[in-house]
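Worksheet: the structure to be examined is printed underneath.
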Amino acid sequence: MFGQVNLLAVLVGAVISMVLGFLWYSPVLFGNIWLRQIGKSADEISGAAGAYALSFIAALVSALVLAFIVGAFGANTLGEGLLIGVVVWIGIGATATFVYSVFEGPPIGVWLLHGAYQLVVFVIEGALFAVWA
């Protein structure tokens, strides 16, 4: 079933996800906005080595599943990979996280910030997996 999945591409996709997340949630990009939206300080977030390890495992699983979807559709062009990334984000990523936001009540800005990050990750990984099949 996973014979067509390029595991090196999955690893690279997960690393890209982590690097992008580090930048996305840092003061370089949107970190200050994120902290303000969730009502925490940088000190409350820092030193979370366990959180980074769990996040990397989640990034690996997510990348593996997306690589499988890209392979199952036989996508092998940049455009096909980008499209699958967007479709998976709309159908799974955006909708699932939106439901949590509706019930948990964080500001919509938190959902938008997380959702935009996940969209960028899925699009990059979708393209990566399609062209590196």
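The values are calculated or read from the model by the stated rules, or taken from the named source; none is laboratory data. As the structure is a prediction and not an experimental result, all values here were calculated from the model. Virtual Cβ from ideal backbone geometry, glycine too; neighbours counted across all protein chains shown.
Tabulated data for the structure shown
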| quantity | calculated |
| --- | --- |
| Any pair with Cβ under 8 angstrom, 6 or more apart, that starts in the range 75-95 at a residue that is in contact (Cβ under 8 Å) with a residue 12 or more places away in the chain and farther than 14 Å from ALA133 by Cβ and ends at one that is surrounded by 21 or more Cβ atoms within 10 Å (Cβ to Cβ) and charged (D, E, K, R) | GLY85/GLU125 |
| Flag if VAL5 is within 13 Å of the chain's Cα centre (by Cα), modelled with pLDDT of 90 or more and either surrounded by 14 or more Cβ atoms within 10 Å (Cβ to Cβ) or assigned to a helix (DSSP H, G or I) (or both) | no |
| Filter result for GLY74 (outside any helix (DSSP H, G or I) and in contact with a helix residue (DSSP H, G or I) (Cβ under 9 Å, 6 or more places away or on another chain)) | yes |
| Residue pairs meeting the criteria (Cβ under 6 Å; at least 6 apart or on separate chains; first under 18 Å from HIS114 (Cα atoms), in the range 37-54; second at pLDDT below 85) | GLN37/PRO107 |
| Any hit, the range 51-65, residues being at pLDDT below 95 and farther than 28 Å from VAL5 by Cα | no |
| The range 92-107 - residue that is small (Gly, Ala, Ser) and closer than 12 Å to GLN118 by Cα and, of those, modelled with the highest pLDDT | ALA94 |
